[in-house]
1. With +1 on each Lys and Arg Cβ and -1 on each Asp and Glu Cβ, and nothing else charged, work out how big the dipole of the protein assembly as shown is about its Cα centre, in Debye to the nearest 20.
2. Taking beta carbons within 10 Å but only from partner chains, what does the mean come to for residues A:94-106?
3. How charged is the neighbourhood of B:I233? Take every other residue with its Cβ under 10 Å from the Cβ of B:I233, and add Lys/Arg as +1 and Asp/Glu as -1.
4. Using alpha-carbon pairs under 8 Å, 6+ residues apart, how would you state the relative contact order of chain B in percent?
5. Among DSSP bridges having both ends in the protein assembly as shown, what percentage is antiparallel? Round to the nearest 5.
6. What does the net charge come to around B:A42 if you take all other residues with beta carbon closer than 9 Å to its beta carbon, with K and R at +1 and D and E at -1?
7. Give the residue from A:H198, B:C282, B:L117 lying farthest towards the positive end of the charge dipole for the protein assembly as shown; charges sit on Cβ (+1 for Lys and Arg, -1 for Asp and Glu) and the dipole is referred to the Cα centre.
8. Nothing charged except the Cβ atoms of Lys and Arg (+1) and of Asp and Glu (-1): what's the magnitude of the dipole of chain A about its Cα centre? Round to the nearest 20 debye.
There are 2 protein chains.
Amino acid sequence: MTKPDIDALDAADPLAGFRERFDIPTGLIYLDGNSLGCLPRATKARVADVVAREWGEDLIRSWNKNYWINAPRRIGAKIAGLIGAHPDEVVVGDTTSINVFKCLSAAIQLNSGRSVLLSEIGNFPTDAYMMEGLAAIAPDRFESRLVPTEEIVATLDDSIAVLLLTHTNYRSGRLHDMAAITEAAHAKGIPVIWDLSHSCGAMPVSLNACNADFAIGCGYKYLNGGPGAPAFIFVARRHQEKVFPALSGWLGHKSPFDFTDDYQPATGIDRFQCGTPGILGCAALEVGVDLISEADMTDIRRKSTALGDLFITLVEQKCGEYGFRLACPRDAADRGSQVSFHHPEGYAIMQALIERNVIGDFRAPDILRFGFAPLYNRFDDVRRAVEILADIMATKSWNQDRFKQRAAVT
Amino acid sequence: MTKPDIDALDAADPLAGFRERFDIPTGLIYLDGNSLGCLPRATKARVADVVAREWGEDLIRSWNKNYWINAPRRIGAKIAGLIGAHPDEVVVGDTTSINVFKCLSAAIQLNSGRSVLLSEIGNFPTDAYMMEGLAAIAPDRFESRLVPTEEIVATLDDSIAVLLLTHTNYRSGRLHDMAAITEAAHAKGIPVIWDLSHSCGAMPVSLNACNADFAIGCGYKYLNGGPGAPAFIFVARRHQEKVFPALSGWLGHKSPFDFTDDYQPATGIDRFQCGTPGILGCAALEVGVDLISEADMTDIRRKSTALGDLFITLVEQKCGEYGFRLACPRDAADRGSQVSFHHPEGYAIMQALIERNVIGDFRAPDILRFGFAPLYNRFDDVRRAVEILADIMATKSWNQDRFKQRAAVT
């Protein structure tokens, strides 16, 4: 692949026009949109308006006048369109971790008598951690269990109350087969919770086509909702009325403004709301969701896999001698919108890249992770990133003390 | 009290200078700071900087470079200074409802074998609702129970796992005696959770002097943190290491960036963090907390009670014939920073007031609630509010259809 070949890919990219809808710092090659997505240009004005006018001028009246009260459902309905769900199956609010807890505590009610909360070793930690926390509330009733990925299906039996999996693994980028695993679990009467944090906005997701039960996802990665953006929860219509929310906050009540002493869950997905939503976070998230909703998810997936394939090809061509070992599936069909490599000096190499304005992530113990956000990453970003990586390796410039000091967050 | 008398009160007010630090819409008399506090002027620039520079330019690097990762503890430590807590006993994040759940699920671990989660009838609904949700996870283990206020102390026995009370009642404004109730509960081995939503920022609170166990509070009322601002949780040092968090999210792990499969709680208050904090919400909250931290809490309380006393006096003088009945303690020592009246036409009267630019709250079934935020409310606001109320009552202008149509949020 020559520079003209790569420029031709960018020139032919149907998503190329989206890049100018974002503020991308000049000279930065940002391959970390799967950790924190870039800032949509429209977000600045929208958040400023929410602060100065909606909060500052309209104050408490904004809950009605500026539709704050509807924000969790309104944004949820838009996200539903990205993940193959009905508009009344998704609501925004709280964090991914909290929404995992909502799903787990709901799913166990569908299977009373069963005790095991099942996930896989190497899942994103918060998913497994939330299982532990729920199990600890009633340790004689519930057990949290992690098994190796290849043993998941064989483990499914009638002791399993719920299966919790992340669709795209945060470290390896490996994709689970949502339809097949959901079907296998259902055959044993097990509902499945899909964590879409690294999938939503990066590829078509078809929750209802897969007969999914529950899902959750993150607002600040491919949805570009801003740091710590509210998360979302999906609950299939058929389950919504069957469960009593464990996190039964007042906004999940059927009549929150009656201020009754007893909790009566709202109809449908509304019962999975809990406390008062963070309106600044919702406002920024909505801009990101609106922006990605303008794109065709098939185009996003096609570009995503092409960016990843190009990255692998170029790293193997230009850095083949430096000890990188592919940590993600080579076949793009099995991979999310990221490429990962093992390298024993991964941490220092990533720091050296960051100093050269190429931002990816390091994930312990030895993984360099590069995310591709098709709305703003270009094929030429991939070319330049690998060129800089090759230079860092050729000059051994990663091998300096300042790159080896680990900061609190990497 | 004549207009010159009231002007003299404003002239002598040591907090008068704070009003210009807020954006208050011209002509608005805002007596609803206990629902959503006003916008501090500095918030606009701060939020804009977080969006454009910290997110837009520094992107993922901001977790370290701009100290996002420290925000929950940093802001928590500042709030600790407002509520009589140590800096390492408070952390910001999630909603009030979620923090209630964190406290409940922690407190029950201090008393294994006990089954009753106790609160009072008429507490803010989400507190009672969260008890119901927790109890529903293990209904054979836990029971949620509400008793009349006057029966709380008599109910305390060794079946009670935890007592959850709101310090200032949201509807009546009645204050609980935190020290006395905590002592009575401790005598029976019962930890107490204090909901400070309507107290924090409105009066001195002395959690450690009262030997408090747990507390939670709201960021968007007297702390002026913005709509749906993050809430906070207080856990006394002596309890922090004794409990395993039920909401065991990754940021409560002792080494979140090691991404281990098993949850090991962080030392101290950090284990009560859960998911990724909403940074926009934190930024706005911090401005509000910084601003109120400049004021003397004794001045705030003194002005708060004077505003309330004046309001009661003037309503009884000028509206005595219109059927208002005091719904809060007359003695300011027993009252939070609000005054409430019953009136059978309370809803319509509040709507008429709002149309005349006097904003309070209606709380079902028949309560008009007026909150006093000493940082920006003036004695003259009280005078004008009552003047307008008297005019609405004299002209019966509340008695129109448009004031009787209830909106979704009131």
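What follows is calculated from the coordinates using simple rules that are stated; it is not laboratory data. What you see is a predicted model; the values in this text were computed from it and never measured. FYI the Cβ positions are ideal-geometry reconstructions off the backbone, even for glycines, and counts take in every protein chain you see.
1. Using only the charged Cβ atoms, the result is roughly 760 debye.
2. Details: counts 7, 12, 5, 11, 8, 1, 3, 8, 1, 0, 1, 5, 0.
So the per-residue partner count for this stretch is 5.
3. Working: positive: B:K102; negative: B:E89, B:D94.
Spelling it out: positives minus negatives among the neighbours equals -1.
4. Details: 796 pairs, mean separation 88.8, N = 410.
Computed over chain B, the figure is 22 percent.
5. Numbers: 44 of 80 bridges.
Around 55 percent antiparallel, to the nearest 5.
6. Values: positive: B:R21, B:R41, B:K44, B:R46; negative: B:D290.
Once all neighbours under 9 Å are counted, the net charge is +3.
7. It is B:C282.
8. Numbers: 42 positive and 51 negative charges, 93 e Å.
With Lys and Arg at +1 and Asp and Glu at -1, about 440 debye.
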